[in-house]
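Report on one structure; see the data block that follows.
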Amino acid sequence: MEKIGRGFVSSQHNNPFAVPPSFNFWAPWIGKKTRRSNLVLNTEFEKVRPQKLAEVCEITVSEDRLREELYKQKVQLVRKLCRECGLDSSGSRTDLLLRLSKEMQSRQTYDKVFQKIWAASGGWAVVMCPCGIVYSIKCNIRAESPRDFADILLSWKHMPNIVIYDFARGLATHLNLREPERLPFTPHEGRLRAPTADNIAQAKDGKLKVSLPWLNCKKQIPDRDGHPITGSAEHYALYDKFHEDNTKDARDSLRRISLVPQLAGKVNSQVAEQLFARLSKNNYFLNMALPSTHLFLTRNIIQHYNNHKNKQRMDNIKKVFEAEVAMNSYSQAVLGNFFIYIYILYIHFYYNHSVTYCIVFLKYLCF
């Protein structure tokens, strides 16, 4: 309606159908059979309020993680940060980054870098399955927070058993503090084992293995409120492969994908990074558009991306089995009376009921 109304008014300011960026209007987009109801959560306004003490202790951004985000920034911003921190702003990008990294040991410099990098404008948060299908998207007005993904997961009809995130500890802590009556991430606060000294030592040495057989075969006797695909009511928050060493908390060694034989070496935990690398070519024209146009076009691009991905997957399945493939009530590929076991649920998020595990990620875009 905003686009139609634009043709009848002299300026966008006078358009009665315009939807400005606002906490009240911009909610997550979740597939109609994935979401719990037509009302979805958006508590982004809560970011301006003081955090709970327990959350502050668990969600403080580490120096390594902040440095990683700093290395993604353009040279103009890095040079500006050097000047604001009283450092020499001449030289190559590498020289500037080395100076800032060394100076970040100072709390004052750390706070300045944090404010510039982490407290910047928002971006797109996506929830995907490891096969690359986007199940949920959310446009953030403020900077990234586990709250964004918590809103999405709490709005789902069935929360995934495994959530892979680059800040798994923060997400698990935030969700459990928000829902203390039912504790979404259990057991062990989303860790694969209890954080005992022996378990931590074995995990660090690579000697600990935690089998989750229900990822391959549904439990014969499902748990109460268990996932409809796995039958399990357990929920774990794990780190993606490239961020599992960023944390300094020894207990986070129990959040590694490699500890689970059913996941180790079989899950592409960087699928969201790969998606945004592909979409980065659209950043220029999207960032020049009006906010509502940006939302519309991004949603449209994701729609076509999902359609293409699913068609490609289904064509491959039909080619292998040389027979007609249908979908069961959980949107799984079925051949005759037999379920075609595919490691991931390959299905468009419009029609999906549930997903066993997902990857959550946020990409910064400047509006």
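We did not get these values from a lab; they are worked out from the coordinates using the rules stated. As the structure is a computational prediction, the values presented were derived from the model and not from experiment. Cβ sites come from the backbone with ideal geometry, for glycine too, and all protein chains shown count toward neighbours.
Annotation: extensible slack from LEU77 through GLU322 equals 82.7 nm (criterion: 0.36 nm per residue apart, minus Cα-Cα distance). Each of MET314, MET1 was scored by other Cβ atoms within 10 Å of its Cβ. Arranged with the fewest first, they read MET1, MET314.
If R0 is 35 Å, the Cβ-Cβ spacing of SER329 and PHE45 corresponds to a FRET efficiency of close to 0.40.
The Kirkwood hydrodynamic radius of the range 283-335, based on inverse pair distances between different Cα atoms, is 13.4 Å. The calculated FRET efficiency for the pair HIS13 and MET288, based on their C-beta separation and a Förster distance of 22 Å, comes to about 0.75.
Just the ratio, please: alpha-carbon radius of gyration of the range 150-308 over 2.2 N^0.38 Å, N its number of residues.
On the way: Rg = 18.2 Å, N = 159, 2.2 N^0.38 = 15.1 Å.
After normalising by residue count via 2.2 N^0.38 Å, the value is 1.20.
Full extension of the chain between SER101 and ALA201 gives 33.0 nm of extra length, using 0.36 nm per residue less the Cα-Cα distance. Working note: Karplus 6.51/-1.76/1.60 with θ = phi - 60° gives the range 156-173 the couplings 6, 5, 10, 6, x, 5, 10, 10, 10, 8, 6, 9, 4, 4, x, 5, 5, 5 Hz, where Gly and Pro are set to x.
Protection proxy ranking for 243-253, 321-331, using the average of other Cβ atoms within 10 Å per residue and placing the highest first: 243-253, 321-331. Measuring against 22 Å, Cα to Cα, the residue pairs LYS72/LYS204; LYS47/LYS241; LYS266/LYS309; LYS281/LYS309; LYS219/LYS241 contain LYS72/LYS204; LYS47/LYS241; LYS219/LYS241 as the ones spanning a longer distance.
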